[in-house]
């Protein structure tokens, strides 16, 4: 009986720690003109079928086509469909993020994408990974406070 209780407790702990796989929030149409950050859903695309070669290297992904004006595209594969969300900023912030992608505003939007199970691609088609984020953090001095 103790083993089952322990097993149930472990399963519940693992389930509560997993990242949510909900779609990235989209900017409502009535707020597009006044919002500093606009997230627009791009038409869904089917996920390309995996072959033995692509299954071995999970890092191979077809880069999305970035619409004009968008700085980033969030790509999330869910239930056989590829969901792409374009991330646009107001002109001042977009210019800042182009010159200094390590800035907090830019990083926040990329983290929102990742927290919803997505991968971030820049306007030139390259993926911005956690390793890239670590390189960005070397350029700025960040202070992070943890609750624990």
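Each reported figure results from applying straightforward, stated rules to the coordinates on display, with no laboratory input. Only a predicted model underlies this, so the values are computations on that prediction, with no experimental measurement involved. We place every Cβ from the backbone using ideal geometry, glycine too, and count neighbours over all the protein chains shown.
The table for this structure:
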| read-out | value |
| --- | --- |
| Cα extents of the stretch 86-148 along the three principal axes, largest first (Å) | 36, 26, 20 |
| Residue 30-residue 115 FRET efficiency (beta carbon distance; Förster radius 25 Å; 0.05 resolution) | 0.50 |
| Difference of contour (0.36 nm per residue) and Cα-Cα distance, residue 95 to residue 147 | 15.4 nm |
| Spin-label pair residue 40/residue 108, simplified geometry with 7 Å Cα→Cβ offset, distance in nm | 2.2 nm |
